[in-house]
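Peer 1: My questions will all concern the structure given below.
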Amino acid sequence: MQIAFIGLGNMGAPMAANLAAAGHSVTGFDTAGTTATGVTNAATVQEAVANADVVITMLPNGQILRAVADQVIPAMAPGATLVDCSTVDVDSARAVAAQAEAAGLMAVDAPVSGGTGGAVGGTLTFMAGGSAKAFAVAAPLFDIMGQKAVHCGDSGAGQAAKICNNMILGVTMIATCEAFALADKLGLDRQKMFDVVSTSSGYSWTMNAYCPAPGVGPTSPADNEYKPGFAAELMLKDLRLSQQAALSADADTPMGQMAAALYEQFVENEDGKGMDFSAMLPRFQKRTRN
Ligand code: NAD
């Protein structure tokens, strides 16, 4: 397949390299001039997409996605498929898909989970929205870049699944961290806390697979001075997207709202920027009720 890959950043570069390594012809473009192994860089975004069967975007946010869509959709070959793997707001995902379909193209929104490790290792999970026909075109590429792809529904359904999952993740991480901080103050040993909770009804992915306490549970960013991993500012981005979606859908999400406010405070007013999102534990550890 002839593939164009727009946005060769921390995630996009290894994803594009995996497609090239699997034998696809990949042309890349990034405004920062970054490149990826096995990928031929184009001089302009229009040149990158002109002969592509599939155009994949992996960009920072919905505003940039909309701007790139305005450039690439008129330059794409008739019948080609636009696959956006960025995490963006549901409204932007739906608007870009509608714009592509109006131009005679197919579109899939397919945000990922699995982070840079999953991008490098080809073990991402894709959650996709769009028609069955468009999903069928993209599915073999998801199989190369990831280990699982779920077709969640129509346009925007992939982004909806992603932000709902990450709202649970943010809320659960905060709950796990504040419980550890309370256990500390009650004189409970952290290992004992882990042994009980990881096998009791308080268990979760954040406790069992990504424990925020150093030296306890499986190896996680807590064991590497809270270097990300999944950075607190990326969690904040996803929590903000969940609140933007909740507002536009008139959904009551008080825990998600609180998690967004706490990560905002951590990233913008405390020392959370550049730290893993599990560094909420040392944050709570330092604090008192006031
Ligand atoms: P990044 O900032 O490393 O990469 C984004 C790239 O897009 C940059 O190289 C930038 O130069 C390029 N870009 C910006 N504007 C452009 C334009 N107009 N045309 C072409 N290229 C342009 O970000 P990332 O970590 O690779 O994340 C990409 C997306 O994946 C984000 O939406 C993020 O939320 C999502 N995501 C990231 C992770 C992660 O762990 N990093 C995990 C899951 C999802």
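Please treat every number below as a calculation from the coordinates, not as lab data. Please read all numbers here as calculations on a predicted model, not as lab measurements. All Cβ positions, glycine included, derive from the backbone under ideal geometry; neighbour counts span all protein chains shown.
Peer 1: What is the order of Ile3, Ile168, fewest Cβ neighbours within 10 Å to most? Don't skip to the end; give the middle numbers.
Peer 2: Values: Ile3 22, Ile168 17.
Ascending Cβ contact count within 10 Å gives the list Ile168, Ile3.
Peer 1: On to the next question. Residue by residue through the range 35-41, which ³J(HN,Hα) values in whole Hz follow from phi under the Karplus form 6.51 cos²θ - 1.76 cosθ + 1.60 (θ = phi - 60°), with glycine and proline marked x?
Peer 2: 9, 9, 4, x, 9, 8, 7
Peer 1: Take the cross-link list Lys162/Lys192; Lys237/Lys286; Lys133/Lys227; Lys148/Lys227 and give me the ones stretching past 30 Å between alpha-carbons. Don't skip to the end; give the middle numbers.
Peer 2: On the way: Lys162/Lys192 33 Å; Lys237/Lys286 25 Å; Lys133/Lys227 41 Å; Lys148/Lys227 27 Å.
Listed pairs above 30 Å: Lys162/Lys192; Lys133/Lys227.
Peer 1: Counting only helical runs of four or more DSSP H residues, what would the 222 nm mean residue ellipticity of the chain come to if each run contributes -39,500 (n - 2.57) and the total is spread over all its residues? Kindly include the intermediate steps, with their values, before the conclusion.
Peer 2: Working: 12 runs with 141 residues, N = 290.
Calculated at 222 nm, the ellipticity per residue is -15000 deg cm²/dmol.
Peer 1: Apply the Karplus parameterisation 6.51 cos²θ - 1.76 cosθ + 1.60, with θ equal to phi minus 60°, to every residue of the range 218-225 and state each ³J(HN,Hα) to the nearest whole Hz, in sequence, with x for glycine and proline.
Peer 2: x, 4, 8, x, 4, 7, 10, 6
Peer 1: Oh, and also: Over the range 11-123, what portion of Cα pair distances is larger than 20 Å, expressed as a whole percent?
Peer 2: On the way: 2354 of 6328 pairs.
Tail fraction, whole percent: 37.
Peer 1: So how far apart, in nm, are the two label points at Glu225 and Asp252 if each is 7 Å from Cα heading toward Cβ?
Peer 2: Between Glu225 and Asp252, the simple spin-label model gives 4.6 nm.
Peer 1: What is the fewest-to-most order of Ser220, Ser242, Ser25, Ser201 by other Cβ atoms lying within 10 Å of their Cβ? Could you put the intermediate results ahead of the total?
Peer 2: Details: Ser220 19, Ser242 27, Ser25 16, Ser201 5.
Arranged by neighbour count, lowest to highest, Ser220, Ser242, Ser25, Ser201 become Ser201, Ser25, Ser220, Ser242.
Peer 1: Still on this model: Amide H of Thr81: which non-local residues (sequence gap of 5 or more, or other chain) have their own amide H closer than 5 Å, using H built in the peptide plane?
Peer 2: It is Val54, Val55, Met106, by chain and number.
Peer 1: Tally the DSSP beta bridges in the range 15-138 and give the antiparallel ones as a percent, rounded to 5. Intermediate values should be presented prior to the final figure.
Peer 2: Values: 4 of 14 bridges.
So the antiparallel bridges amount to about 30 percent of the total.
Peer 1: Largest first and in whole Å, give the semi-axes of the chain's equivalent ellipsoid, each being the square root of 5 times a Cα gyration tensor eigenvalue. Intermediate results must be reported in sequence, preceding the final value.
Peer 2: Working: eigenvalues 280, 76, 53 Å².
Calculated on Cα positions only, the semi-axes equal 37, 19, 16 Å.
Peer 1: Take the Cβ-Cβ distance between Thr123 and Ser25 as r, set R0 to 30 Å, and report the resulting FRET efficiency rounded to the nearest 0.05.
Peer 2: 0.80
Peer 1: Quick one: check the C-alpha center-to-center distance for the range 21-97 versus the range 216-231, whole angstrom.
Peer 2: Centre-to-centre (Cα) distance: 32 Å.
Peer 1: Which helices count as membrane-span-like in the chain under these terms: full DSSP H, at least 20 Å along the axis by C-alpha, Kyte-Doolittle mean of 0.0 or more? Let's see the in-between values first.
Peer 2: Values: long enough: 157-185 (42 Å, 0.76); 232-249 (25 Å, 0.23); 254-268 (21 Å, 0.18).
Helices meeting the criterion: 157-185, 232-249, 254-268.
Peer 1: Here's another thing I want to ask about it. With the cut-off at 17 Å, report for the range 249-290 the share of all Cα pairs above it, as a whole percent.
Peer 2: Numbers: 317 of 861 pairs.
Distances greater than 17 Å cover 37 percent of the Cα pairs.
Peer 1: Taking the beta-carbon count within 10 Å as an exposure proxy, list Val171, Val150 from fewest neighbours to most.
Peer 2: Numbers: Val171 23, Val150 15.
Taking fewest neighbouring Cβ atoms as first place, the list is Val150, Val171.
Peer 1: Give me the three principal axis extents of the range 104-231 from the C-alpha atoms, as integers in angstrom, largest value leading.
Peer 2: Principal-axis extents of the Cα atoms in the range 104-231, largest first: 64, 25, 23 Å.
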